[in-house]
1. Residue under question is residue 172, and the condition is that it be touching a residue at least 12 places away in the same chain (Cβ under 8 Å) and over 25 Å from residue 340 (Cβ atoms); does it hold?
2. Any idea how many residues of the stretch 156-176 are surrounded by 15 or more Cβ atoms within 10 Å (Cβ to Cβ) and either of a type in the set (Asp, Glu) or within 16 Å of ligand 2 (Cβ to nearest atom) (or both)?
3. Suppose we filter the stretch 303-320 for residues that are in a strand (DSSP E or B) and either surrounded by fewer than 19 Cβ atoms within 10 Å (Cβ to Cβ) or within 15 Å of ligand 2 (Cβ to nearest atom) (or both); how many remain?
4. Looking at this structure, is residue 323 within 21 Å of residue 93 (Cβ to Cβ), within 16 Å of ligand 2 (Cβ to nearest atom) and touching a residue at least 24 places away in the same chain (Cβ under 8 Å)?
5. Out of the residues in the stretch 251-284 that are of a type in the set (Val, Ile, Thr) and more than 13 Å from the chain's Cα centre (by Cα), state the one that is farthest from ligand 2 (Cβ to nearest atom).
6. Please verify whether the stretch 320-334 includes one or more residues that are modelled with pLDDT of 95 or more, over 21 Å from residue 143 (Cβ atoms) and not polar (S, T, N, Q).
7. Are any of the residues in the stretch 285-302 touching a strand residue (DSSP E or B) at 6+ places or on another chain (Cβ under 6 Å), in a loop (DSSP other than H, G, I, E, B) and within 16 Å of ligand 2 (Cβ to nearest atom)?
8. Hey, residue 89 hits all of (1) of a type in the set (Ser, Thr, Tyr); (2) under 21 Å from residue 32 (Cα atoms); (3) within 28 Å of the chain's Cα centre (by Cα) but one; which does it fall short on?
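The values are calculated or read from the model by the stated rules, or taken from the named source; none is laboratory data. Computed from a predicted structure; not experimentally measured. Cβ: placed from backbone, ideal geometry, glycine included. Neighbour counts: every protein chain shown.
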Amino acid sequence: MGCAPCSFFHERCKENMIVVLKSGVKQEKKEQLIDWLRKQGLTIHVSEGEFHTVLGLIGDASAVDADLIGSLDIVDSVKRVTEPFRCCSRKFHPDDLVVEVGGVKIGGGHFAMIAGPCSVESEEQILAVARSVKASGADLLRGGAFKPRTSPYDFSGLHERGIELLQLARAETGLPIVSEIMSTVQLPLFEDVDVLQVGARSMQNYDLLRELGKLDKPILLKRGLANTLRELLMSAEYIMAAGNERVILCERGIRTFSDYTRNTLDLSAVPELHELSHLPVIVDPSHATGINRLVPPMALAAAACGADGLMIEVHNDPMKALCDGAQALRPEEYDALAKKVRAVRAAVHDL
Ligand code: PEP
Ligand code: MN
């Protein structure tokens, strides 16, 4: 299955570019550039103004190196007029995408709460957390079985056993499960996982993204630690162009000079991604802040600015957590937050 809307509207999907030439450029040099651009398979529309010549590049200019053209001594500026992403572009899919998984809907006015521990640590732990977040109204259960740790000596998850324990928790609570896949070699273990998460560190693992594009499951794609929104959307494009249109974007904080919090939560990404793309956008205030007490206010702000869901780390005993204990909410803290999120959503809905 390909990206149906994109193959259908293929002509409309093509990217155009505008090249403004410097004033007084010799005709011969102008023609050399136009010739070269034509050889790239583009149609060139030349508009001669009083001071500048403007070249309109019509066709698929996504493969043309804008920086290279911009560096030519006869070129004043270069501007792309459509985004190089197509499958995930709002321009070609005006309606919000609603991702459905196990009876839960995300996007297009459907708000999903994803909650659970950073990592699955034991049967007792995951069942306790799953039961508590379910009682607080969570829609999906998260838990890492494969953990991307900064240090190779830290706990890296229970691997296959972690996935089995998540499945056990799903069988008991009915909550669909979300877990991070780090490599294509892990794919067979994720066959019975409902939503596959691509972590911040893997956002640009293009081989992984391409393989996930062949699956019939939603992919939760986290923004990389130092990636722009355009790069995030290009990564979504990898998955979608390979055939899987069910992508959920996740803002989880980016690296800035601020060293007080673990990352800096870029909440403006939420309305901006909604503007650029029809994909659902959720927010992870846990990794964004790294600090337990900052999670609730940032979660409420995310709900207020239009996020389609939240992913929050919850642990039954954060002091003993094997990973990310400092940012985990206790079950009762999560319960209080879930109630406030519902109140904020209702208030914003009425505005
Ligand atoms: C996680 O959600 O468990 C995680 C590792 O997050 P991130 O990839 O955003 O750091
Ligand atoms: Mn974590």
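1. Here the answer is yes, as residue 172 does meet what is asked.
2. Final tally of qualifying residues: 6.
3. 5
4. Answer is no for this residue.
5. 256
6. no
7. Taking every residue of the stretch 285-302 in turn, none turns out to be touching a strand residue (DSSP E or B) at 6+ places or on another chain (Cβ under 6 Å), in a loop (DSSP other than H, G, I, E, B) and within 16 Å of ligand 2 (Cβ to nearest atom).
8. Going through (1) of a type in the set (Ser, Thr, Tyr); (2) under 21 Å from residue 32 (Cα atoms); (3) within 28 Å of the chain's Cα centre (by Cα) one by one, residue 89 breaks only (2).
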